[in-house]
1. With respect to Gly174, is the statement that it is more than 14 Å from ligand 1 (Cβ to nearest atom), closer than 23 Å to Thr137 by Cβ and among the small types (Gly, Ala, Ser) true?
2. Hey, among the residues in region 221-245 that are in a helix (DSSP H, G or I) and not hydrophobic (A, V, I, L, M, F, W, C), which one's nearest to ligand 4 (Cβ to nearest atom)?
3. For a quick check of your reading: which strands (runs of 3 or more DSSP E) sit entirely within region 17-124 and have at least 2 residues that are within 16 Å of ligand 4 (Cβ to nearest atom) and over 30 Å from Leu265 (Cα atoms)?
4. I need the full set of residues from region 230-248 which are under 20 Å from Gly62 (Cα atoms) and either in contact with a Leu (Cβ under 7 Å, 6 or more places away or on another chain) or of a type in the set (Lys, Arg) (or both), in order please.
5. Before we move on, is Ala183 exposed (fewer than 13 other Cβ atoms within 10 Å of the Cβ) and either at pLDDT 95 or above or assigned to a strand (DSSP E or B) (or both)?
6. Among the residues of region 260-285, count how many are closer than 21 Å to Asp246 by Cβ and under 21 Å from the mean Cα position of the chain (by Cα).
7. If a residue has to be within 20 Å of the chain's Cα centre (by Cα) and closer than 21 Å to Ala86 by Cα to count, how many in region 105-132 make the cut?
8. Taking the condition of being small (Gly, Ala, Ser) and touching a residue at least 12 places away in the same chain (Cβ under 8 Å), how many residues in region 203-243 meet it?
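The values are calculated or read from the model by the stated rules, or taken from the named source; none is laboratory data. Given the structure is predicted, the values throughout are model-derived calculations rather than measurements. Heads up, the Cβs are rebuilt from the backbone with ideal geometry, glycines too, and the neighbour counts pull from every protein chain shown.
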Amino acid sequence: EAAMYKAKDAGRKACRYYDPAMNVATSERLQLSNGLRNALSRGELELHYQVQLSLDSDEVIGAEALLRWNHPQWGTVSPARFIPVAEESGLIVSIGAWILREACRQAAEWRARGVVIPVVAVNISALQLQDPALVSTVAEALAAAGLPPEALELELTESGLIQDNAQVQATVEGLKELGVSLAIDDFGTGYSCLAYLSRLHVDLLKIDQSFVRDLKRTADGSAIVAAIIQIARSLGLRTLAEGVEDRETAEALRQLGCNHAQGYLFGRPMPARSLTAQMAERRVS
Ligand code: C2E
Ligand code: CA
Ligand code: CA
Ligand code: CA
């Protein structure tokens, strides 16, 4: 566990975090935000889904919804570029509500068709978490789809949670009361406060792919992953490793006691209908 705490900057009171929006030049941000304003009504946004598996049973336990923007001129724009812009412009709130409705609708469709994808995970940005209406937005998405709350997982970011404010705390409690499960995305990346873990009721830690990558490269990498799994265990949380690309890594994770995994080894993010077809093949093989 020592490795985990080494990163902690003990002298500072505030949690610092790196803002990816600062990467993108201002003019490009303006272009992107103008384009995004109409993307939803023009039908340019689409969700892709990536499977999540149990490392013990190899069963599919869920799928993460990942947003795609197909722009008529620019082609596919990476979410790493446009999500920060959507946050900055506030557009993430209306786009986020659409993502929740669409993901719940898809999850309900899979259930109705007997496709075994028990949980759909949806990314929630820090800005959405500050919106007092988030709990009712989630409740409405579930109700509209007729989806039971245990079939929905929300992936929250550390940058959203470390803001020790009453609004965020109330929202997280409200979400928990709805019966959805909560995951911490990119756990351990660049942030220094773990206090929120004992304050908020989350169910799952997603081990960031940067740690997963280092797992087989270095002894320190493996120590960090082991430490995260240890923290999760002692708090009664499950763990999911992201970015698993090869069998060796999957096996090492399983031996360390990691519960679930996601990554190119098991499947790339793909349109819902492609995943439906793959799941049908999986069943007969
Ligand atoms: P994330 O939530 O950490 O998502 C995981 C990213 O890793 C995805 O990139 C996924 O395609 C990629 N990935 C999955 N398996 C592997 C692997 O084995 N190897 C490698 N190298 N990469 C892998 P993507 O789809 O480009 O999304 C990037 C980020 O954009 C996401 O990171 C998330 O922070 C954000 N994002 C995507 N969709 C949404 C959304 O619907 N809402 C919000 N708020 N953010 C989103
Ligand atoms: Ca995620
Ligand atoms: Ca992640
Ligand atoms: Ca990430």
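1. Spelling it out, Gly174 is indeed more than 14 Å from ligand 1 (Cβ to nearest atom), closer than 23 Å to Thr137 by Cβ and among the small types (Gly, Ala, Ser).
2. Gly221
3. Answer list for region 17-124: none.
4. Ala232, Leu237, Arg238, Thr239, Leu240, Ala241, Val244, Glu245, Asp246, Arg247
5. Considered against the rule, which asks whether it is exposed (fewer than 13 other Cβ atoms within 10 Å of the Cβ) and either at pLDDT 95 or above or assigned to a strand (DSSP E or B) (or both), Ala183 comes out as no.
6. 11
7. Matching residues across region 105-132 total 11.
8. Total meeting the criteria: 8.
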